[in-house]
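Read-outs: derived from the displayed coordinates by stated rules, not from any lab. In this text, all values refer to a predicted model and were calculated from it rather than measured experimentally. Here the Cβ is made from the backbone with ideal geometry for all residues, glycine too, and neighbour counts use every protein chain on show.
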Amino acid sequence: MKKILTFVAMPLAAIGFGLLLLAEKKRPLRKATANQLERVPRNLALGGVTSLAVNWLFVPVVSAVARLVQRRKLGLLNRLPLPAPLKFIVALILLDYTFYWWHRWLHENGFLWRFHIVHHADLDLDVSTAARFHPGEYLLSTPYRAAQITLIGASPAAAATFEAMLMLAAEFHHSNVRLPLDVERRLNTFMVTPRMHGIHHSIIAGESNANYATILTVWDGLHQTLRRNVPQDEITIGLAAYRDKSQLTLGKLLVMPFVAQRNAWQFIDGVRPVRGALPAPDAELMA
Ligand SMILES: [Zn+2]
C-alpha cells in the first residue's frame, strides 16, 4: 500500500494539482474574494503539517490493517465467492459509500465538526483547498478507515487505490475550473464535480449540509442530500462565523478545534444567511 501511495498516488496528485492550477487560471469558475498569495501558501502549509499525520500514522496503521484483513480473510468480501476483479471494484464502491457517511458524520457530530471546520473556513475554493485539512481530522479518520477496510474486507491494493482516487477526486471537485455546463451536467450524473462541491462549501447551512459524496454522486441521491440548483455566482464560499482573515492564519487554524466554537452558520452579529427561492428543482445543476 505504501509503495502504491508513494510511487503512483503522490506523483499523480502532483500532476493533477499542476494541471488543475493551470486550468483554474485559464477558466475560473468563481471569482476569488481573498488574497490568493496568502491563502494558497497557507493551505499548502497546513497540508504539509497534515502530511506528517498522514505519513506517520494514517498510512502505517491503515496499510497494516489492510494486510491483516487479507491474511485473516476478514470482512464481507473475503466471505463472498466472487472473482478477484469484481471484489476489487465492489471494495472501491463500498469504501466510497462508507466515506460518504464519514463526511456526513464530520458535519453532524459536534466534536468532529471542530476539525472539519478548518477545511470549510477557506474563503475561496480551489485545488489548494484539497490540501487544507487539520491533522486532527486525519488522526480521527484513521480508526474509521481501518474499520471500513475490516468490515468490507478490502484488499491492500483496493485500499491504496481508494486513497489515490480520493486524492484525485478531491483535487478535481475542489478546483475552481469552469467546465462547459453541459459537460459538467453529464459528468455529475455519476461523479462529484466542481459546481456540485462548490455548493457544499456555501456559507448557507442547508447548502453546506448537502453534497457529502466524494467520488460517486449516487450516495447523495440515495439519501436525499443532493443539492445542485444553486448558481455558482450566488454562492459565498466559507463559513458565516469565520469571515475575518485575521482569524484564519495558519496558527489560528491549527488551534481552531481546541478553542471556543462559534455557530458556523451565523455571522458574528447573529444574522443567519438565507437564500430566496431558486429557479430550478434541487436536482438540476446550474451554471
Ligand atoms: Zn464538508
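Some observations on this one:
- Leading residue at positive end of dipole, the chain (Cβ point charges), from Gln148, Ile237, Pro28: Gln148
- Comparing mean-square fluctuations of Asp233, Asp126, Asp96 from a GNM of the chain with C-alpha springs under 10 Å, the top value falls on Asp233.
- Its residue count N sets the reference 2.2 N^0.38 Å, and the alpha-carbon radius of gyration of the chain equals 0.99 times that reference.
- In this simple spin-label approximation, Arg272 and Phe190 carry label points 7 Å from Cα along the Cα→Cβ vector, and these lie 3.9 nm apart.
- Label zone (Leu151, point 7 Å along Cα-to-C-beta; backbone nitrogen cut-off 19 Å) within the range 209-223: 212-216, 218-223.
- Helix axis angle, 110-120 relative to the chain longest principal axis, alpha carbon, degrees: 70 degrees
- The helix-based estimate of mean residue ellipticity at 222 nm for the chain, built from -39,500 (n - 2.57) per DSSP H run of four or more residues and divided by its residue count, is -16500 deg cm²/dmol to the nearest 500.
- Cα Rg, Dmax (largest Cα-Cα span) when computed across the range 45-123, Å: 16.3, 49
- Rounded to two decimals, the Cα radius of gyration of the range 1-155 over 2.2 N^0.38 Å is 1.18.
- Distance between the modelled labels on Leu80 and Leu181, one decimal in nanometres: 4.0 nm (7 Å Cα→Cβ projection).
- On Cα atoms only, tilt of 135-152 relative to the major axis of the chain in degrees: 40 degrees
- For the chain, lysine pairs separated by 8 or more sequence positions, or belonging to different chains, with Cα-Cα distances below 29 Å total 10.
- Summing charges over all other residues whose Cβ lies under 12 Å from the Cβ of Ser155, with Lys and Arg as +1 and Asp and Glu as -1, gives +4.
- For the chain, the longest principal axis of the Cα atoms and the long axis of helix 10-26 meet at an angle of about 20 degrees.
- Calculated Rg and Dmax of the range 232-287 using C-alpha coordinates, Å: 15.0, 41
- For the range 1-69, the Kirkwood estimate of the hydrodynamic radius, built from every pair of different alpha carbons, is 14.5 Å.
- Of the trypsin sites (Lys or Arg not before Pro) found in the range 19-77, the ones in coil according to DSSP and having at most 15 other Cβ atoms within 10 Å of their Cβ are Lys31, Lys73.
- Inter-probe distance in nm under a simple model that places probes 7 Å from Cα toward Cβ, at Asn263 and Phe88: 5.1 nm
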